[in-house]
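Chemist: The structure's right below; bear with me while I get my questions together.
The values are calculated or read from the model by the stated rules, or taken from the named source; none is laboratory data. These figures come from a predicted structure and were not determined experimentally. Backbone-built Cβ (ideal geometry, glycine too); neighbour counts: all protein chains shown.
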Amino acid sequence: MSTHVVEVFASERRTAVNEAALVLTAVGIENMIHHHEQQWILLVATGDENHAQQQLNAYWTENQPSQIRPVPAHQIDSGWPGVVGYLFVIWMIPALGSFTQLDFLSLGRLDAGAVMQGEWWRVATALTLHADIAHIAANSFFGCVFGLFVGRYLGSGLGWLLVLLCGCVANLVNAAVQPGQFRAIGASTATFAALGIVPAYGWRRGFFRGQGFKRGFAPIFGAIAILAFTGFGSENVDALGHIFGFAAGIGMGLLAARIPRLDPVVMSDGDQHRAGIAALILMTAAWLAAVA
């Protein structure tokens with residue numbers, strides 16, 4: 001390096017000067033570090049001063065901390081009331097079936113042809129029916145895991161009402177695109193809706209704002225990965241139902257984040273209770289229509 005050198009950066013932190021020196025080295029500007037008293041000084045040849053300063057300013061501008069701050073994620077409740085309600089509903093139906101003469105399976109399963117002919121209740125009742133103990137146990141586990149976070153960030157009442165609506169919409173779409181003889185049962189359509197609601201809601205509300213594209217979308221990417229890992233399997237798995245449920249959850253999460261009346265932060269406890277009761281009324285009405 002030329003003996004005529006000039007200072008372009010100085011700091012008491014050696015790491016900061018080392019970082020600046022690395023930037024200059026990367027663009028081919030010779031430099032050296034000098035320590036004087038309590039300062040670390042970055043030096044370049046006199047003729048390189050302007051170029052070096054431009055490169056450093058560009059680097060600092062590009063890498064300065066974001067001024068956009070994420071919105072705090074308020075926890076509405078523990079999420080457990082909604083989980084308990086969910087488990088009560090899906091386990092109550094087989095218990096009732098064992099005490100009655102009614103064939104709940106034929107009355108309530110998702111039958112594509114019957115739904116398209118007006119038996120609307122099946123899009124809801126099918127969510128409470130399961131093939132065997134392994135089926136209901138799996139949906140209990142995933143429903144608890146995914147639904148717990150729905151309850152925490154949207155409230156157990158509002159959150160589970162939205163999950164139920166998503167499950168119904170997904171079943172309706174599934175019935176519309178499947179052949180008339182298609183049949184399905186299980187709460188998994190709703191559980192995958194719960195998986196989609198929270199990351200979409202959090203992203204739209206700004207919980208991950210100012211953290212860059214990769215970190216900002218990481219929860220949604222993670223949810224897609226969970227769907228891919230758990231939502232497909234044997235030939236008996238209703239893959240389309242899982243996809244429609246997840247898509248409905250994503251859409252509902254985005255929508256709920258933009259509708260002021262659905263803002264769980266400003267909703268009262270009474271509003272949450274009414275939302276939860278509405279979900280129970282909807283499911284009760286569906287089953288009453290099924291057995292009528």
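Chemist: Which condition does PRO179 not pass, out of (1) out of contact with any Phe, Trp or Tyr (no Cβ under 6 Å at 6 or more places or on another chain); (2) within 28 Å of GLN272 (Cα to Cα); (3) of a type outside the set (Phe, Trp, Tyr), if it passes all the others?
Modeler: Going through the list (1) out of contact with any Phe, Trp or Tyr (no Cβ under 6 Å at 6 or more places or on another chain); (2) within 28 Å of GLN272 (Cα to Cα); (3) of a type outside the set (Phe, Trp, Tyr), PRO179 breaks only (2).
Chemist: Identify, by number, the condition in (1) surrounded by 15 or more Cβ atoms within 10 Å (Cβ to Cβ); (2) in a helix (DSSP H, G or I); (3) of a type outside the set (A, V, I, L, M) that LYS214 doesn't meet.
Modeler: With respect to (1) surrounded by 15 or more Cβ atoms within 10 Å (Cβ to Cβ); (2) in a helix (DSSP H, G or I); (3) of a type outside the set (A, V, I, L, M), LYS214 is out only on (1).
Chemist: If you scan region 123-133, which residues turn out to be closer than 16 Å to LEU240 by Cβ and surrounded by 22 or more Cβ atoms within 10 Å (Cβ to Cβ)?
Modeler: Residues satisfying the conditions are ALA126, LEU127.
Chemist: Among the listed residues GLY241, GLY270, GLY251, which satisfies the condition of being exposed (fewer than 10 other Cβ atoms within 10 Å of the Cβ) and either small (Gly, Ala, Ser) or farther than 28 Å from ALA175 by Cα (or both)?
Modeler: Exactly one residue qualifies, and that residue is GLY270.
Chemist: Can you confirm whether GLN75 is more than 42 Å from the chain's Cα centre (by Cα) and over 30 Å from ARG183 (Cα atoms)?
Modeler: no
Chemist: Any idea how many residues of region 229-267 are assigned to a loop (DSSP other than H, G, I, E, B), modelled with pLDDT of 85 or more and within 13 Å of ARG205 (Cα to Cα)?
Modeler: Residues meeting the conditions: 5.
Chemist: Here is a follow-up. In the list ALA58, ALA73, ALA45, which residue meets the criterion of being modelled with pLDDT under 95, in contact with a helix residue (DSSP H, G or I) (Cβ under 7 Å, 6 or more places away or on another chain), more than 20 Å from ASN139 (Cβ to Cβ) and not assigned by TED's automatic domain parsing to the domain that holds ALA184?
Modeler: None of the others qualify; the one that does is ALA73.
Chemist: Could I ask something else about it? Can you find a residue that is surrounded by 13 or more Cβ atoms within 10 Å (Cβ to Cβ) and among the hydroxyl-bearing types (Ser, Thr, Tyr) anywhere in region 71-84?
Modeler: No, that holds for no residue.
Chemist: Go through the residues of region 170-184 one by one and say whether even a single one is in contact with a strand residue (DSSP E or B) (Cβ under 7 Å, 6 or more places away or on another chain) and either of a type in the set (Val, Ile, Thr) or not in a helix (DSSP H, G or I) (or both).
Modeler: Yes, region 170-184 contains at least one residue that is in contact with a strand residue (DSSP E or B) (Cβ under 7 Å, 6 or more places away or on another chain) and either of a type in the set (Val, Ile, Thr) or not in a helix (DSSP H, G or I) (or both).
Chemist: Follow-up. Hey, can you tell me all the residues within region 243-292 that are out of contact with any helix residue (DSSP H, G or I) (no Cβ under 8 Å at 6 or more places or on another chain) and under 27 Å from ILE93 (Cα atoms)?
Modeler: Within region 243-292, ILE281, THR284, ALA285, LEU288, ALA289, ALA292 qualify.
Chemist: Would you mind stating whether ILE277 is assigned by TED's automatic domain parsing to the domain that holds ALA124 and modelled with pLDDT of 90 or more?
Modeler: For ILE277, the condition - assigned by TED's automatic domain parsing to the domain that holds ALA124 and modelled with pLDDT of 90 or more - is met.
Chemist: Would you confirm, using the coordinates I've provided, whether VAL150 is touching a residue at least 60 places away in the same chain (Cβ under 8 Å), of a type outside the set (S, T, N, Q), crowded, with 24+ Cβ neighbours inside 10 Å and assigned by TED's automatic domain parsing to the domain that holds PHE229?
Modeler: yes
Chemist: Quick check: is even one residue across region 199-211 over 17 Å from PRO70 (Cβ atoms) and either out of contact with any helix residue (DSSP H, G or I) (no Cβ under 9 Å at 6 or more places or on another chain) or not in a loop (DSSP other than H, G, I, E, B) (or both)?
Modeler: No, there is no match, as no residue in region 199-211 is over 17 Å from PRO70 (Cβ atoms) and either out of contact with any helix residue (DSSP H, G or I) (no Cβ under 9 Å at 6 or more places or on another chain) or not in a loop (DSSP other than H, G, I, E, B) (or both).
Chemist: I'd like the full set of residues that are of a type in the set (Phe, Trp, Tyr) and either part of a helix (DSSP H, G or I) or touching a residue at least 60 places away in the same chain (Cβ under 8 Å) (or both), limited to region 91-128.
Modeler: Answer for region 91-128, where residues must be of a type in the set (Phe, Trp, Tyr) and either part of a helix (DSSP H, G or I) or touching a residue at least 60 places away in the same chain (Cβ under 8 Å) (or both): TRP91, PHE104, TRP120, TRP121.
Chemist: To continue, here is another question. Just to be sure, is ARG215 in contact with a helix residue (DSSP H, G or I) (Cβ under 8 Å, 6 or more places away or on another chain) and among the charged types (D, E, K, R)?
Modeler: Against the criterion (in contact with a helix residue (DSSP H, G or I) (Cβ under 8 Å, 6 or more places away or on another chain) and among the charged types (D, E, K, R)), ARG215 does not qualify.
Chemist: Quick one: is TRP160 crowded, with 23+ Cβ neighbours inside 10 Å and either assigned to a helix (DSSP H, G or I) or modelled with pLDDT of 95 or more (or both)?
Modeler: Considered against the rule, which asks whether it is crowded, with 23+ Cβ neighbours inside 10 Å and either assigned to a helix (DSSP H, G or I) or modelled with pLDDT of 95 or more (or both), TRP160 comes out as yes.
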